[in-house]
Structure formats: C-alpha cells, structure tokens
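Chemist: One structure, pasted below without further comment.
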Amino acid sequence: MGRGGQGRRSSLASIALPPPIENPMPPGHEVEARRQELRDAAAELDAAEDTGEPARLSQALARVARCHRSLGGLAEADWYLRRGLQLARSLSAVDASIDALCEVAELSIERAALLDDQEEPRSAHRLRDVARDHGFEATRLALRSADPQWEITVLLRVADLFDRLGDEDDAIALQCRALQLMTGVADADATLAQSAAG
C-alpha cells in the first residue's frame, strides 16, 4: 500500500528497487537536508499520481531521481529516470524525452565508472553503450526543435557526454554543428537588429 493510508494504491515512490550501485555519500551535514528533499519529492510524486497529469508525473519522477542521485543511490535514480523517459516517450514530449535521455546517459557513465572500480568491465561496457545510444537519440530528437538555442544546448550537452566516453570524433562533430547553429542565430539576430534600426 502507499503512504497515504490503508486502501491506497501503491505509489511509484515506494516500489521495491534492485540493489543499488552506491556512490559515496555527501558530507554528513548535507545528508539530512538531501533526505528531506527526497521526502518532499516523494510526496510530490504521490500527488502527481493522484492527479494523473502525465506532464506533472514526468517532472516528479525526474525530481525523485535527482534526489536519489544526490544521496548516492544511483540504481534508484536510474529506475525513476527510466520511468520518466518511458512516460515522456508515450506523450511524444520531445523536450522532456531529451532531458531524460541525457540524464540516463550521464548517470550510466557515472555507474560505469563505479563498475570499473569493482572490476566489472563487461557491465561497465554495457552501461557506456547505453549512454552512447541515448546520446545519439537525444541529438536526433533535437532536430525536431523549432528553437535553435535549445538544439545548441542539447548538442553541447551530448558532445560533453561523448567526450567523457572517449568518442572524440563524435564530440567534435557535435561541437562543430553547434557552432554552425550559433553562427546562424547570430546572423539572424544581426539581420533583425538592422531591420529594426532601418
């Protein structure tokens, strides 16, 4: 049952999760504040489930994931992020899907580094493949954006991902594409300024 009392359906925030790959905890004086943030996020998730609003639920899932990540619970964070990604995809919500893809990719790289330390290279390799695939998917989705500034932000974010993965050629290609878009935006702004002045 959920936390709201007897008879209430089970909340996503209280579902049993797989054993976590733990990241080092933050300093002691920060832990309680972050735990309170997690409790607040879980309450928000419960409320979002009650309303049944998909967009609100997607945001709540992302917030719970970030809270778990800040406390070192990487497996829990991954679980919530993937649920949020699944929901965003079902809604054809491009921006939310891109955010979720990038967050899952960044988290996968972080978890892979921990698995390297635990001498589990195959599992680490699989997670890096996940990060790479999600990065490419995010760049493809960014092409649908009508906002070039948003596309630039996504391209640079994914370029950083690829750089961390050691994929220098792909990272440089995305940086060059972002630079081309920046130049186009600057030219368009200059043209508008001239038109306004005239």
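Since every read-out is calculated from the coordinates, none of them should be taken as a lab result. Because the structure is a prediction, the values reported are computed rather than measured. With ideal geometry, Cβ positions are generated from the backbone for all residues, glycine too; neighbour counts draw on all protein chains shown.
Chemist: Highest mean first, what order results for 104-117, 141-154, 75-88, 158-171 on Cβ atoms within 10 Å? Spell out each step's value before the answer.
Modeler: Values: 104-117: 19.8, 141-154: 15.5, 75-88: 21.7, 158-171: 17.9.
For the peptides 104-117, 141-154, 75-88, 158-171, the packing ranking is 75-88, 104-117, 158-171, 141-154.
Chemist: Now, a different point. Sort the range 94-188 into rounded, prolate or oblate with this rule: let a ≥ b ≥ c be the square roots of the eigenvalues of the Cα gyration tensor; rounded if a/c is under 1.5, and if a/c is not under 1.5, prolate when a/b is larger than b/c, oblate otherwise.
Modeler: Details: a/c = 3.39, a/b = 2.07, b/c = 1.64.
In terms of gyration-tensor shape, prolate.
Chemist: For the range 25-92, what's the radius of gyration and Dmax over Cα atoms, in angstrom?
Modeler: Answer for the range 25-92, Rg first and Dmax second: 12.5, 41 Å.
Chemist: Something else about it: What residues have an amide H closer than 5 Å to that of residue 93, excluding those fewer than 5 places away on the same chain, when H is modeled at 1.01 Å from N in the peptide plane?
Modeler: Amide H neighbours of residue 93: none.
Chemist: How big is the gap, in Å, between the Cα center of the range 105-129 and the Cα center of the range 72-94?
Modeler: 18 Å
Chemist: Could you list 122, 132 in order of exposure, starting from the residue whose Cβ has the fewest other Cβ atoms within 10 Å? All intermediate terms of the calculation are to be shown ahead of the outcome.
Modeler: Numbers: 122 8, 132 19.
Going from sparsest to densest Cβ surroundings: 122, 132.
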